[in-house]
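The values are calculated or read from the model by the stated rules, or taken from the named source; none is laboratory data. For clarity, every value in this text was computed on a predicted model and none was experimentally measured. Note: ideal-geometry Cβ built from the backbone for every residue, glycine included; neighbour counts use all protein chains shown. We work out accessible area using only protein heavy atoms, side chains counted, and drop any ligands, DNA or RNA first. Shrake-Rupley method; radii C 1.70, N 1.55, O 1.52, S 1.80 Å.
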Amino acid sequence: MIGAGGFIGSHLCKKLMTETPQKVLALDVYNRKIKHLLEPDTVEWSGRIQFHRINIKHDSRLEGLIKMADLTIHLVVICTPADYNTLPLETIYNNFIDARPVVKYCSENNKRLIHFSTCEVYGKTTGSFLPKDHPLA
């Protein structure tokens, strides 16, 4: 699971550990949100989750880790709406271009891939139509 330390990834890791017998290779640059899942001897799923600190932009271990997995779940995206307008190229690079090696390695190694995106691909949220001074905006 690439992006295992993020909001969705951390919750998905916990769900997989508590409700399935699956093993998880958890990849991310941070592990703050899943640190409690990684502590040996304190949880019943000890040994079923491994954390690898990795930046998919430039880490030679990526292909090997994908080869080890039956399924790759790619959760890494910039999900800061302010960045879409102020840093549009960086956002496109981070959300799409930097994911190309993941897609490539999955394809070349005949591995299944689930690729997530941000909710903004579905259009504007209800809050975006509210006046700027509205308490929910």
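Structure data summary
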| read-out | value |
| --- | --- |
| Among residues of region 79-112, those that are over 17 Å from GLY6 (Cβ atoms), open to solvent by less than 60 Å² (accessible area, probe 1.4 Å) and among the aliphatic types (A, V, I, L, M), counted | 0 |
| Residue within region 24-35 that is open to solvent by 20 Å² or more (accessible area, probe 1.4 Å), without any contact (Cβ under 8 Å) to a residue 12 or more places away in the chain, among the acidic types (Asp, Glu) and not in a loop (DSSP other than H, G, I, E, B) present | no |
| Per-region count, region 24-48, residues hydrophobic (A, V, I, L, M, F, W, C) and either modelled with pLDDT of 90 or more or within 10 Å of the chain's Cα centre (by Cα) (or both) | 6 |
| Region 84-95 residues that are touching a residue at least 60 places away in the same chain (Cβ under 8 Å), paired with ones that are part of a helix (DSSP H, G or I) and of a type in the set (A, V, I, L, M, F, W, C) (beta carbon under 8 Å, 6 or more apart) | none |
| Within region 41-78, tally of residues that are open to solvent by 90 Å² or more (accessible area, probe 1.4 Å) and in contact with a helix residue (DSSP H, G or I) (Cβ under 8 Å, 6 or more places away or on another chain) | 2 |
| Among residues of region 12-23, those that are more than 11 Å from the chain's Cα centre (by Cα), open to solvent by 20 Å² or more (accessible area, probe 1.4 Å) and not basic (Lys, Arg), counted | 6 |
| Filtered residue count, region 2-15, keeping only those that are in a helix (DSSP H, G or I) and in contact (Cβ under 8 Å) with a residue 12 or more places away in the chain | 7 |
